[in-house]
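The values are calculated or read from the model by the stated rules, or taken from the named source; none is laboratory data. These numbers come from a predicted model, not from an experiment. No Cβ is skipped: glycine too gets one built from the backbone with ideal geometry, and neighbour counts run over all protein chains shown. Only protein heavy atoms, including side chains, enter the accessible area calculation; ligands, DNA and RNA are left aside. Shrake-Rupley method; radii C 1.70, N 1.55, O 1.52, S 1.80 Å.
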Amino acid sequence: MTTMTAEAVKTEDKRLFYVADEHEHGEGGSTLLGFWLYLMSDCLVFAVLFATYGVLGGSYAAGPSPRDLFDLPLVAVNTSMLLFSSITYGFAVLEMQKNRANRMLLWLFVTMLFGGAFLGIELSEFAHMIHEGATPQRSAFLSSFFTLVGTHGLHVTFGIIWMITLVIQVWKFGLSEANKRRLLCLSMFWHFLDVVWIGVFTFVYLMGVLR
Amino acid sequence: MSTDAHAGHDLHGHGGDHGHDAGHPESTLGGYLTGFFLSVVLTAIPFWLVMSGALGSKEATAVAILVLGAVQIVVHMVFFLHMTPSAEGGWTMMALIFTIVMVVITLTGSLWVMYHLNTNMMPMDPSQLP
């Protein structure tokens, strides 16, 4: 029986029972998929931080509550900054597809300004809270709040550093294939951060004020 | 969709002739503008609901903003991150579905368990403290 099967395989050796994946992949052909997998693992990091905030978000330790601290109009402005930066990055990608490096750089610069504005508003909000005594040490709510929102802010910071790097890259070497690939990775990263921010303003700020 | 998906193929360095790799979809101006418009609406409504208290009850407002937030996440996924079932031969979608399952387990599990832990603690109001 086994010999017969073996022979059958020999004679019909073209029939494969696994994916014959031995063709050449071009350089960077799987970068975008790999970067997506990184983003998904980052998503799990944020899920854990959201869960922590969800558990501890009501433990004020007789300290300030979200209603005392959060300034919703300011959060709305902050949200719009990130949303504007998303669409301007989209415009940068569109110019990249048309191989117009200068216009791409212009949109990337606008995106950086919006991202910087977001960070500035967030940091001033943090500074204001800490000035009022609402430090991360004050209560479990504030510890988890600063960890979650701070981690997001840290991601935005690194996104801006990456953007500056790519501006220099494109400025010096033009829109090469490698630079286009990097720009698409950063595009995913940036839009992903906006997706996380939807969770933050819904779950932390709006639900917090509602609580 | 498949024409869209194949248009951006020069980035991959290999042709779209093999079936398992549908590549990264091309971005379009219309797609970005649609996504942006929907996002603005889906951001403005929850802020307005909470700041004006238009729905009356807190529970109804909470459900509404959570649903709107979930819808906006889908909008971002489709219009900004270009998630389609065919992108990269379906592997990005597989990774996303797996991640969503993990996120749902993490969030509901943590909240559920810790809520019951809290409510089942020995009741004690501040006056009983030593």
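As an exercise: evaluate A:ALA140 against (1) at pLDDT below 95; (2) open to solvent by 50 Å² or more (accessible area, probe 1.4 Å) and give the number of the one condition it does not meet.
(2)
Taking only the range A:47-82 into account, find how many residues are assigned to a helix (DSSP H, G or I) and open to solvent by 10 Å² or more (accessible area, probe 1.4 Å).
The qualifying residues number 17.
Assess whether B:THR108 counts as being over 29 Å from A:GLY54 (Cα atoms) and among the β-branched types (Val, Ile, Thr).
no
Please verify whether A:VAL156 is under 18 Å from the mean Cα position of the chain (by Cα) and either assigned to a loop (DSSP other than H, G, I, E, B) or within 14 Å of chain B (Cβ to nearest Cβ) (or both), treating the condition exactly as stated.
When the stated conditions are applied, A:VAL156 does not pass them.
So that you can scan it fast, the table gives a plain yes or no per residue for (1) within 9 Å of chain A (Cβ to nearest Cβ); (2) at positive phi; (3) open to solvent by 70 Å² or more (accessible area, probe 1.4 Å):
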{"position": "B:LEU49", "(1), (2), (3)": "yes, no, no"}
{"position": "B:LYS58", "(1), (2), (3)": "yes, no, yes"}
{"position": "B:LEU66", "(1), (2), (3)": "yes, no, yes"}
{"position": "B:VAL71", "(1), (2), (3)": "no, no, no"}
{"position": "B:GLU88", "(1), (2), (3)": "yes, yes, no"}
{"position": "B:PHE98", "(1), (2), (3)": "yes, no, yes"}
{"position": "B:THR106", "(1), (2), (3)": "yes, no, no"}
{"position": "B:GLY109", "(1), (2), (3)": "yes, no, no"}
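Quick one: what pairs do we get from the range A:27-46, first residue open to solvent by 30 Å² or more (accessible area, probe 1.4 Å), second assigned to a helix (DSSP H, G or I) and among the basic types (Lys, Arg), C-beta under 7 Å, 6+ apart or different chains?
Filtered contacts from the range A:27-46: A:THR31/A:ARG181.
Filter the range A:176-200 down to the residues that are more than 7 Å from chain B (Cβ to nearest Cβ), touching a Ser or Thr at 6+ places or on another chain (Cβ under 8 Å) and more than 20 Å from A:GLY153 (Cβ to Cβ) and list them by number.
Hit for the range A:176-200 is A:CYS185, nothing else.
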